[in-house]
Amino acid sequence: QRPIVRLLSCPGTVAKDLRRDEQPSGSVETGFEDKIPKRRFSEMQNERREQAQRTVLIHCPEKISENKFLKYLSQFGPINNHFFYESFGLYAVVEFCQKESIGSLQNGTHTPSTAMETAIPFRSRFFNLKLKNQTSERSRVRSSNQLPRSNKQLFELLCYAESIDDQLNTLLKEFQLTEENTKLRYLTCSLIEDIAAAYFPDCIVRPFGSSVNTFGKLGCDLDMFLDLDETRNLSAHKTSGNFLMEFQVKNVPSERIATQKILSVLGECLDHFGPGCVGVQKILNARCPLVRFSHQASGFQCDLTTNNRIALTSSELLYIYGALDSRVRALVFSIRCWARAHSLTSSIPGAWITNFSLTMMVIFFLQRRSPPILPTLDSLKTLADAEDKCVIEGNNCTFVRDLSRIKPSQNTETLELLLKEFFEYFGNFAFDKNSINIRQGREQNKPDSSPLYIQNPFETSLNISKNVSQSQLQKFVDLARESAWILQQEDIDRPSISSNRPWGLVSLLLPSPPNRKSFTKKKSNKFAIETVKNLLESLKGNRTENFTKTSGK
Ligand code: CTP
Ligand code: MG
C-alpha cells in the first residue's frame, strides 16, 4: 500500500488548507496550473532537472524549529526554496542556490553506526537529521494536505459548482499535480540517477508519463527511464587524426538483452544500496522490461525502464496537446476520474483500459469536433522545422515543439457539451470495425481483431490498448451510454443547486444502479436518483475515506 504523502507548507511556498485554486503557487511556472504552459517540454525538463540536482531530501524529527533548521543548512550555502511534507514521518525538500553546497553538507555528515546493524556506506543526497539536545522552541511545521480531497469534500465542492463546466474545472484543480509534488518527482529521479551513475556516470534518469505530460493526478505512479545516450554518443566526438578509438565493451545478441542486463544490475543496486528504495521487483520479461520499486520517502511507486525514448516523446506530445486548449486537461481528468469511479481502470495491470488509452480517446474525440479542438499529429508534423526532426529506432517522431506556432482552435463548445458528446460518440463508436488514430484524426479499419484498437502514434504498427478484453470494452460502452443518458435527462429535469441533489459530474461519478439495462426507462430515473442520493448520504458519513483509496491513480 502506498504511504500517504502530505505536504507541509513554508511561508511563501504554499498556503495552509485553502482551496487549491486559492493557493499561491510560488514564483515558478509549473506547467500544471490552469494557465497554459508556453515553454517547450525540453526546456521545462532541463530546468527542473537542474533544480533537482541542487536539491536534497532530509528526514526530520517530528517537531522542529523551522528557523533553526534553515539557519543550520544555510551555513553550507544559500537556500533557494524549501518545503516540508509527511510520508511515514516528516521530510524536507531543500533546494540550494548552488550545487556545490551539497558537497559541503555531505562533508559535514556522518554515516550512522548502530549496535545491532551495519550501515552500507553511501554518500547520497538523502539525509537523516537528528537533534543533539531537546529545545523547547520546536513545533510542528504547518501542513497542507497534497492528496486529492476525500470523496465527501470533492462531491460537496462539485455539487456547489455553478455549472458542469465549473465542475470539470474544479475537479482538474483538485487532482492535478502541485508544484511541490512535481518537484518531489524530479528530485526522486535525480536521487535514482545518483545511484545509476555509479555504473554509468553520464546517465540521465528522466521522468516521463503522467508525471510530466500534464495529465498526472496526485498519487499517480512515477515513470522514469535511464537515458544512456550520452554514454553511447561519447565515442562519436572523440576522433582525431588518423586514429579512431573505441571503448572495449561486452557485446550481447540483442538490444533487449542489453536492456535486461542493465536493469537487472540496477535493480540489485537499488535493492542493496538505494536509501529508501523498497519492494524492488525486476520485471525483465515484459514487452518493455522494467524495475518496479517503492521510493518510501517520497511515497512514489516507481517504474524504471531504459531505452524508452519513444515513451518520452509521447509524453511530450501529450504535453503539447494538454497545453493547446484549456478544455483538454479538464475533460481528460474528468473522464479518467469517471473511468476509475466505475472500475473501468485499475492500478493492477490486466484487461482494463489504461489512463493512457483514455487520454488518446479524448484527444481523438477533440480532433473530430467541428471545427476541431485539437490538430492531428500529421498536421503537427507539417508545422515542424529542421530542429524538430526526430527519428527514433526507425520511427518518425517529428512534430512541432514550439507551441506558439500552432493556431488556437476556433471551436467554442462548452465542457458540458463536450462531456455529453464524448459519451455519445464512444457509446456509438464502431469498435468492431474501426481503430482510433490520432495521427490522422480519423477512424480507420482495424488491422486486427483486438476489441479496442488505438494506434500507437509513433510505433504505428502497435496497438496501445491491445490488453483490453471485449467484456471490458463492452462495460465502457454501456457506461458511456448510461452517462450520456443521465446528462440528457438532467437537461430535461435539471436539479437546482439548492435541492442538495447530486447533479452533473457528481451523478456520473456515483455507482450505477444495479439494473443498468433499464436506464432508458423513465421509472428507473427515479430509482437512480434515489440510489445516488442514498450513496451520497453514506459517503457524507465516511469522512476519512480518501478518494485515492477507491480511485487509485
Ligand atoms: N506508454 C506507451 N504505450 C503503452 C503504455 C504506455 O507508449 N501501451 C507510455 C506513454 O507515454 C505513457 C507512459 O508510457 O504515458 C507511462 O505509462 P503509464 O504509467 O501506463 O501511463 P501514464 O500516462 O503515466 O498514466 P498513469 O497516471 O495511469 O500512470
Ligand atoms: Mg504512469
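Sort out for me the Cα centre separation of segment 318-390 from segment 442-475, rounded to whole Å. Distance between centres, Cα-based: 15 Å. Length gained on full extension, Ser124 to Glu421, computed as 0.36 nm times the residue gap minus the Cα-Cα distance: 101.8 nm. FRET efficiency for Arg142 and Ala386, Cβ-Cβ distance as r, R0 = 45 Å, nearest 0.05? Calculated value: 0.35.
Solvent-accessible surface of segment 82-216, averaged per residue with a 1.4 angstrom probe and all protein chains in place: 44 square angstrom. With both labels modelled 7 Å from their Cα along Cα-to-Cβ, the Lys261 to Asn46 distance reads 3.3 nm.
The listed peptides 260-269, 200-209, ordered by packing as a protection proxy, come out as 200-209, 260-269 (highest mean of other Cβ atoms within 10 Å first). For Gln296 and Thr231, a Förster radius of 22 Å and the Cβ-Cβ distance give a FRET efficiency of 0.15, rounded to the nearest 0.05. On full extension, the segment bounded by Lys71 and Ile492 gains 145.3 nm, given 0.36 nm per residue less the C-alpha separation. Full extension of the segment from Arg368 to His272, taken as 0.36 nm per residue of separation minus the current Cα-Cα distance, would add 29.5 nm. Taking 7 Å along the Cα-to-C-beta vector as the label spot, tell me the Val477-Thr412 distance in nanometres, rounded to one decimal. For the pair Val477/Thr412, the computed spacing is 3.7 nm.
The Lys132 and Gln98 beta-carbon pair, evaluated with R₀ = 35 Å, returns a calculated FRET efficiency of approximately 0.80. Residue-wise HN-Hα couplings along segment 172-184, as the Karplus relation 6.51 cos²θ - 1.76 cosθ + 1.60 with θ = phi - 60° gives them from phi, are 4, 4, 6, 9, 5, 5, 8, 4, 5, 5, 5, 4, 5 Hz; Gly and Pro carry x. Protection proxy ranking of 221-232, 421-432, by the mean of other Cβ atoms within 10 Å over each peptide's residues and highest first, is 221-232, 421-432.
Taking 7 Å steps out from each Cα toward its Cβ at Tyr199 and Glu246 produces label points 2.3 nm apart. Pull out a ≥ b ≥ c, the square roots of the eigenvalues of the alpha-carbon gyration tensor of segment 248-324, then state rounded if a/c is under 1.5, prolate if not and a/b is larger than b/c, and oblate in the remaining case. Oblate, since a/c reaches 1.5 and b/c is not below a/b.
The values are calculated or read from the model by the stated rules, or taken from the named source; none is laboratory data. Predicted model only: the values in this text are computed from it and were never measured. Methodologically, a virtual Cβ is constructed for each residue, glycine included, from the backbone with ideal geometry; neighbour enumeration extends over all protein chains shown. When the accessible area is computed, the model is the full protein with side chains, heavy atoms only, and any ligands, DNA or RNA have been set aside. Shrake-Rupley method; radii C 1.70, N 1.55, O 1.52, S 1.80 Å.
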